[in-house]
Structures are given as C-alpha cells and as structure tokens.
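Reviewing the structure listed below.
The values are calculated or read from the model by the stated rules, or taken from the named source; none is laboratory data. Nothing here was measured: the structure is a model prediction, and the numbers come from that model. In this analysis, Cβ positions are derived from the backbone assuming ideal geometry, glycine residues included, and neighbour counts consider all displayed protein chains. The accessibility values were calculated without ligands, DNA or RNA, using every heavy atom of the protein model including side chains. Shrake-Rupley method; radii C 1.70, N 1.55, O 1.52, S 1.80 Å.
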Amino acid sequence: GKNRTVVYTMEEIVNRQEEIKEDTRNVYAQYAPTISALTAAIDVKDHYTFHHSANVAQYATILAKALGLNKEHIELIRQAALLHDIGKIGIDEKILNKPGKLTKEEFEIMKTHTLIGASMLDSLEMFRNEKLVQVAYQICRWHHERYDGKGYPDGLKGEEIPIAAQVVAMA
C-alpha cells in the first residue's frame, strides 16, 4: 500500500487526547469501589491512618505529575497509593494505636505491614498481571525503602526502588 499522510486539526488532536484521558480513567474506575472499601477498612482499624491513605495518594499524584510521568502511570500511582498501608490490617491494634513510641520489638512487627500488604496483593492470582495490582504491590512492599538503602523490608537503594514506590515514599 501507499504511504498516506494524515492531517488532523488541532481540535481533533485535543478531542482525541481527552478521549484517551477518559479511557484511562474508565479502565481503573472499575476498581474504585474495592479500593475505597479496603482503604476504609484500614482507616477504621488504624486511627492514625484516618484519611492518611487519601492524603498520600493526593501528594503522590502531585509528585508523579511534577516528575513528568505519563497520565496512565500517574493514575495507576494515584489509585495504588491508596492501598500502600493495606498490610496494617494484619498488625495488632494494640501496636497500631499505641500512644507514644513503639518498642523495638513492636516496631519490628509494624514494619511487617509492607510484606503483609504485598502478600495480600500477590495472592490475587487472577489479577497478578493487572498493571494496577503490580504497581500496588510495588508500593505496598517498598514504600518504606530509602534511596540510601537504609529502608525496609529489602534494603533496596537508588533506582532499585520502583518509581511508584519512590513517589509514595516521598509523599
């Protein structure tokens, strides 16, 4: 076939970009009720995180935009960030809601929320290949990693830490 040059008007380009944005929102909108329910469950159990997940997601979105990530990746981070502390469901409420500083032993238990959350997402075998679940896994597991390698649970450093987890750690 012959090569053809297709010319679009500026209006057509803008309309197409809006359609793509809407498609991206719609793809992940189906998960919104489930994510909201899980976030609410975390907030009920851990008084500290009341609205914390929503705030982190909001800040992470702002940071992801500032980094120039593409719109789909920003939306994935926004939704997945809501689940960053889902593993706290598996932490004893006496530790979660303890007033004052945690003991060393209690802090070690608290740190396991990253692995518990990652395990919960990893157990969703039917959905393992979904981008949202993959990004949520990265965020749950590695949002307490530090660029200098002194974070947890795996002591990742620098660019070993997925960008989504880096963004949520900053948020």
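Looking at Ala66, Ala60 in this structure, which one is open to solvent by 70 Å² or more (accessible area, probe 1.4 Å), at pLDDT 70 or above, small (Gly, Ala, Ser) and within 25 Å of Ala164 (Cα to Cα)?
On inspection, the qualifying residue turns out to be Ala66.
Among the listed residues Ile95, Ile91, Ile77, Ile109, which satisfies the condition of being within 18 Å of the chain's Cα centre (by Cα) and among the hydrophobic types (A, V, I, L, M, F, W, C)?
Only one candidate qualifies: Ile77.
Look at Gly149 and say whether it is at positive phi and of a type outside the set (Phe, Trp, Tyr).
yes
Write out, first by first residue and then by second, each pair whose Cβ atoms fall under 6 Å of each other, whose residues are 6+ apart or on separate chains, and whose first residue, in segment 87-111, is open to solvent by less than 40 Å² (accessible area, probe 1.4 Å) while the second is acidic (Asp, Glu) and not in a loop (DSSP other than H, G, I, E, B).
Ile95/Glu106
Confirm whether Val133 is modelled with pLDDT of 95 or more, touching a Leu at 6+ places or on another chain (Cβ under 7 Å), of a type outside the set (Ser, Thr, Tyr) and within 21 Å of Ala57 (Cβ to Cβ).
no
Pairs please, first residue from segment 42-62 and assigned to a loop (DSSP other than H, G, I, E, B), second anywhere and of a type in the set (A, V, I, L, M) and at pLDDT 70 or above, Cβ atoms under 7 Å, 6+ apart in sequence or on different chains.
Asp46/Leu96
I'm trying to understand the selection: among the residues of segment 130-167, which are among the small types (Gly, Ala, Ser), part of a helix (DSSP H, G or I) and either without any contact (Cβ under 8 Å) to a residue 60 or more places away in the chain or open to solvent by 10 Å² or more (accessible area, probe 1.4 Å) (or both)?
Ala136, Gly158, Ala165
Per-residue answers, yes or no, for (1) open to solvent by 40 Å² or more (accessible area, probe 1.4 Å); (2) touching a residue at least 24 places away in the same chain (Cβ under 8 Å); (3) part of a helix (DSSP H, G or I):
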residue	(1), (2), (3)
Leu38	yes, yes, yes
Arg78	yes, no, yes
His84	no, yes, no
Ile116	yes, yes, yes
